[in-house]
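Below is one structure, written out as structure tokens; comments come after it.
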Amino acid sequence: MQFELLNKDPKSKARAGLLHTDHGTIETPIFMPVGTVGSVKAVNQQQLHTDVQAQIILGNTYHLYLRPGLEILEKAGGLHKFNGWDKPILTDSGGYQVFSLANNRKIKEEGVVFQSHIDGSRHLFTPENVMDIERTIGADIIMAFDECPPYPSDYTYAKKSMELTHRWLTRCYTRFSETEPKYGYNQALFPIVQGSTYKDLRTQSAEFIASMDLDGNAIGGLSVGEPDEMMYEMCELCCDILPEDKPRYLMGVGTPANILENIALGVDMFDCVMPTRNGRNGMLFTTQGIINIRNKKWADDFSPLDETLGGLSAFYSKAYMRHLFVANELLGLQIASIQNLSFYLHLVKEARKRIIAGDFAEWKNKMVKIVSTRL
RNA sequence: GGGCAGAUACUCAAGUGGCCAACGAGGGCAGACUGUAAAUCUGCUAGCUUACGCUUUCGGAGGUUCGAAUCCUUCUCUGCCCA
């Protein structure tokens, strides 16, 4: 894997680059749709290519390990073959599930004992077996196994958690180095900065992560409920420490405004469930602002959902979309998901253009207002 | 013409003397959602009020009672059965 830094915005820390993988090149900054169980909910692979224009999608180690399981994935020849997505894939390690399934797990030095949310069965995730699992899933980018502490976390816990994540990272790296990709293409390991909302911990963590000298670096443990300003502060601090010649991935972020602001701080990669989940729940992100499509005011608004985006977004009207949601029709979920993902990809593509053109900062300030507007 | 059953908020539907502005479901209206246990979850849904609270409601009218959606009389309407 190779990262090519192309342009830096003169008035912010935003960058444009190219991330080369064996499944193709990714233009950064980029948004990566989340496909937890090997499927971007309500959007098929063809739509991901043509409508959304996704360049890379996510999968999740925890979910794929439980279902369909490693045997099937290995027999299939890896996730790309299994789900028919021939562009890059990134797998999250299950670190987020350590956070989100807090009631069904126990964290130990060795790893985390989980109880499956599907059948209650017990499983042990360790840095070593997570590396093995991610090798088997076959993602192009595999994430280190970390702990994502909740917000707020007290200093003592945040420090302990960060140190554990660092020790786990060392073990991840060791196992990663000892093993080979299974399907003939390269895999890269990304380590994850933690440290909650404490500057000194973030600094320490970012320095440690930078010292690993891996192909890319991630910032985790943010967008877990802290105020935006705090997220930006932590993110900027980390970006300033992480090497310039490696892609920076801010995990789990965020709203369109969050993405623009963090691009301005030097982030290259994003993922978030917001466009798909909120889309399925009737919240539409458009080039004009945010729409709650179930609201009565759209009932007789026959204007296009989002003319600027073209495609399905220009084809279907707001009134029809409201009808689909009110009637609980599956088509509504599909169009909403495509609308939101198309918008997110459109947004980062525009950002990239502006960075290359050199006027990103001004454009960003204007866009943050527009994309945050509730229509 | 006679007999029986029924009429409760937008709809369906509980409630058969005080704990009832009235269970529940649907519908309606709004909100939440950030490395997905989410096509999910939450709130409101007689009127006024931020709230406390106040006012008017259970087909209509009248009555019994300290107190009625609940008991009595009568009227109206609906369904079923018998002529």
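Accessible surface calculations at 1.4 Å, restricted to protein heavy atoms, place the stretch A:162-299 at 35 Å² per residue.
The accessible surface of the stretch A:1-119, taken with every protein chain in place and a 1.4 Å probe, is 46 percent carbon and sulfur. Reported to the nearest whole Å, the Cα centre-to-centre distance from the stretch A:244-309 to the stretch A:150-190 is 29.
For chain A, the spread of Cα positions along the three principal axes, ordered from largest to smallest, is 58, 48, 41 Å.
Length available on full extension from A:LEU5 to A:GLU350: 0.36 nm per residue minus the Cα-Cα distance, which gives 122.5 nm. With a Förster radius of 25 Å applied to the beta-carbon distance between A:ASP300 and A:LYS369, the computed FRET efficiency rounds to 0.35. Counted residue by residue at 0.36 nm each, then reduced by the alpha carbon distance between them, the extension gain from A:ASP240 to A:PHE315 reaches 22.7 nm.
Using the Kyte-Doolittle scale, which helices in chain A average at least 0.5 and also have C-alpha atoms spread 27 Å or more along the helix axis, with helices defined as whole DSSP H runs? Long hydrophobic helices here: A:330-357.
Just tell me which lysines come within less than 19 Å, Cα to Cα, of A:LYS159; anything on the same chain fewer than 8 places away is out. Qualifying lysines at Cα under 19 Å: A:LYS106, A:LYS108, A:LYS199. Dipole magnitude for chain A: about 1000 debye, using +1 per Lys or Arg Cβ and -1 per Asp or Glu Cβ, origin at the Cα centre. With both labels modelled 7 Å from their Cα along Cα-to-Cβ, the A:VAL113 to A:ASP213 distance reads 4.0 nm. Of the trypsin sites (Lys or Arg not before Pro) in the stretch A:39-147, the ones in a loop by DSSP (not H, G, I, E or B) with at most 12 other beta carbons within 10 Å are A:LYS108. At most 10 other Cβ atoms within 10 Å and a DSSP loop assignment: could you name the GluC sites (Glu not before Pro) in the stretch A:77-173 that fit? Answer by residue number: A:GLU109. Can you find, among A:CYS238, A:LEU265, A:LEU250, the residue farthest towards the positive end of the dipole of the stretch A:227-276? Put +1 on the C-beta of Lys and Arg, -1 on that of Asp and Glu. Of A:CYS238, A:LEU265, A:LEU250, it is A:LEU250. Nearest 0.05, what FRET efficiency do A:HIS323 and A:ASN44 give at R0 = 22 Å with Cβ-Cβ as r? Computed FRET efficiency for A:HIS323 and A:ASN44 comes out at 0.45. Counted over chain A, the DSSP beta bridges are approximately 50% antiparallel.
The values are calculated or read from the model by the stated rules, or taken from the named source; none is laboratory data. Owing to the predicted nature of the structure, the values given are computational and were not obtained by experimental measurement. Here the Cβ is made from the backbone with ideal geometry for all residues, glycine too, and neighbour counts use every protein chain on show. Heavy atoms of the whole protein, side chains included, go into the accessibility calculation; ligands, DNA and RNA do not. Shrake-Rupley method; radii C 1.70, N 1.55, O 1.52, S 1.80 Å.
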